[in-house]
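Q: Below are the structure tokens for one structure; questions will follow.
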Amino acid sequence: MTSKKGQMRLGVFLNPTGHHAASWLHPGTTPDAGINFQHQLDIVRSAERAKLDFIFLADMMTIRKATPDARFRFAQYVANFDPITMLAALAPMTERIGLVATASTSYYEPFHVARQFASIDHLSKGRVGWNLVTSGNPEEAYNFGRDAHLEHDERYGRAREFAQVVQALWDSYDDDAFVRDRASGAFFDPERMHFLNHKGKHFSVRGPLTMPRPIQGYPVLVQAGGSEAGGALASEFAEVIFGADATIEAAQAFYARVKDGMAQYGRSREHLKIMPGMSIFVGRTEAEADEKFEYLQSRIQPMVSREALSIMLGGVDLTGYDLDDKLPDDLPQTQGSHAHFRNIVEKAKRENLSIREIGNWVAGARGKCIIKGTPEHIADVLEEWFVKDAADGFNLMPAWLPGSLDDVITMVVPELQKRGLFRTEYEGRTLRDNLGLPRPESRYRRHAQAAE
């Protein structure tokens, strides 16, 4: 199988103990990983030594909604550092790996996000990325003075305007605006500073930003929505997408739809990297890989798998059903992630799974693709997705940390490198350099050039 696409991209979705719902019960994890900086720094440095593209931190601004018997058993999003603060801490402790974090367009303000990510881009010398998301958890509304969560389409309308404002704020100053001329006493050139004066449906922002233009021009814009509205937003703005599809056929359809949609915005298909989430269990033999998977599956608590399923379905109440029942046909579509809802419901019907069975699958990788096997088999699967336009790379979701990621780094990455599918050295200093993305010119420079 020969690739004409060059090399694939690999990022790491860093969930402190791992992505499996039972990861914190694994003896190889650190129970206080969410607030253990050295633990997380060691993982990031391992990923950097392996020349991976970036680490990614998600966010949730509420504890998970769950029944009382399940809530206290969840380890994820209960005792974690704020992700943007973590990026600022990691920036001076790393050199080449990209640093990506989530900031929700539903509950942040554009000026906050523009300033924070511009600051970290300078702190990291050009290695930051912003994961632009609309919050899918309705419980977050109660922490921000709201009685209800914004509806799905309204969230994406707000997100589109939010992204426009943030990018415009990053252009507040031309690249050469800060002359810092002691002889004349001019700190910056006022002709190279720009007021935004934005007034839209959701935001009114005067500007300018209180930061020079980011080193990358714009921090890399990442997006994770898989719905129609999310795909449209990605076609317009995203430079990296964290895909949610669990089969190659679904991933190919999403890949084509989003990439085809870029043309209406004058964007090149090569300027967007689609990276589906992938949970990998690798062993020297298939039996060893299966053993690692089955051990974690055996530690899943039934009430946790049911709640994990409920959460990924957008908060659907499943307490009235027996675990051996099938998902009801009239399951209501919620205001949560449409992509996750669709993927889970379709898999349950396609494979005739009970609530227990589909819940255990969701608990294994939060509804993303799970592959098991030898390094050669894992590389075969990744190569097929890559070559057949289902992916430009993968957002690795280690089941438990650090062991699951160490397995991929020591066994799978060398196999990909042997096939010429992954780098042996970083291409540049910035995240854009390493992802093969252009540095965007300021809108004011583009307008000036167009007028000439």
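The values are calculated or read from the model by the stated rules, or taken from the named source; none is laboratory data. Computed from a predicted model, the values in this text were never measured in an experiment. Methodologically, a virtual Cβ is constructed for each residue, glycine included, from the backbone with ideal geometry; neighbour enumeration extends over all protein chains shown. The protein model used for the area step is the full one, side chains on, heavy atoms only, and it has no ligands, DNA or RNA in it. Shrake-Rupley method; radii C 1.70, N 1.55, O 1.52, S 1.80 Å.
Q: Measuring with a 1.4 Å probe in the full set of protein chains, what accessible area per residue, in whole Å², belongs to the stretch 87-213?
A: Values: 5740 Å² over 127 residues.
Heavy-atom SASA per residue in the stretch 87-213 reads 45 Å².
Q: Mind checking the full-extension length gain between GLU286 and VAL387? Use 0.36 nm per residue of separation minus the Cα-Cα distance, one decimal, nm. Don't jump to the answer; show the numbers that get you there.
A: On the way: separation 101, 0.36 × 101 = 36.36 nm, distance 2.39 nm.
Extra length from GLU286 to VAL387 when fully extended: 34.0 nm.
Q: Next question. What percent of all Cα-Cα pairs in the stretch 298-429 falls in each 5 Å bin, counting up from 0?
A: 2, 9, 16, 18, 15, 13, 12, 8, 4, 2, 1
Q: Give the value in nm², to one decimal: projected area of the alpha carbon convex hull of the stretch 338-400, averaged over all directions.
A: Details: hull surface 21.1 nm².
That works out to 5.3 nm².
Q: Using +1 at the Cβ of each Lys and Arg and -1 at the Cβ of each Asp and Glu in the stretch 156-256, identify which of GLN252, HIS198, GLY157 lies farthest towards the dipole's positive end.
A: Farthest towards the positive end: HIS198.
Q: In whole angstrom, note down how far apart the Cα centers of the stretch 298-363 and the stretch 14-59 are.
A: With the stretch 298-363 and the stretch 14-59 each reduced to a Cα centre, they are spaced 26 Å.
Q: Quick one: compute a quarter of the convex hull surface over the Cα atoms of the stretch 151-209 and quote it in nm².
A: Working: hull surface 17.4 nm².
Reported value for the Cα convex hull: 4.3 nm².
Q: In deg cm²/dmol and to the nearest 500, what is the mean residue ellipticity at 222 nm of the chain if only DSSP H runs of at least 4 residues count, each as -39500 (n - 2.57), divided by the residue total?
A: Details: 16 runs with 168 residues, N = 452.
Result for the chain: -11000 deg cm²/dmol, rounded to the nearest 500.
Q: Could you give the radius of gyration (one decimal) and Dmax (whole number) of the Cα atoms in the stretch 161-309, in Å?
A: Spelled out, the Cα radius of gyration and Dmax of the stretch 161-309 are 22.9, 73 Å.
Q: Any chance you could give the angle, 0 to 90 degrees and rounded to 10, that helix 110-123 forms with the longest Cα principal axis of the chain?
A: Orientation of helix 110-123: about 90 degrees from the principal axis.
Q: Provide the solvent-accessible area of SER204, counting protein heavy atoms only and rolling a 1.4 Å probe, rounded to the nearest 10 Å².
A: 80 Å²
Q: Another one. Take the solvent-accessible surface of the protein heavy atoms, probe 1.4 Å, and return the percent of it on the chain that carbon and sulfur atoms account for. Don't skip to the answer; put the middle values down first.
A: Working: 9440 of 18880 Å².
Percent of accessible area from carbon and sulfur atoms in the chain: 50.
Q: A follow-up question, please. Considering only DSSP beta bridges where both residues belong to the chain, give the percentage that are antiparallel (nearest 5). It would help to have the intermediate numbers written out before the result.
A: Numbers: 5 of 37 bridges.
Looking only at bridges with both residues in the chain, the antiparallel portion is about 15 percent.
Q: List the extent of the Cα atoms of the chain along each of their three principal axes, largest first, rounded to whole Å.
A: 75, 53, 42
Q: Oh, and also: Shape verdict for the stretch 226-319, please, from the Cα gyration tensor: rounded (a/c under 1.5), prolate (a/b greater than b/c) or oblate.
A: On the way: a/c = 3.75, a/b = 1.65, b/c = 2.27.
Note, shape of the stretch 226-319 comes out oblate.
Q: Which value, in debye to the nearest 20, describes the size of the charge dipole of the chain about its Cα centre when Lys and Arg Cβ atoms bear +1, Asp and Glu Cβ atoms bear -1, and nothing else is charged? Provide the component values of the computation, followed by the final result.
A: Details: 53 positive and 60 negative charges, 199 e Å.
Roughly 960 debye, rounded to the nearest 20.
Q: Before I look further, what does the stretch 321-443 give for accessible area per residue, probe 1.4 Å, in whole square angstrom?
A: Working: 4890 Å² over 123 residues.
With the other protein chains kept in place, the stretch 321-443 gives 40 Å² per residue.
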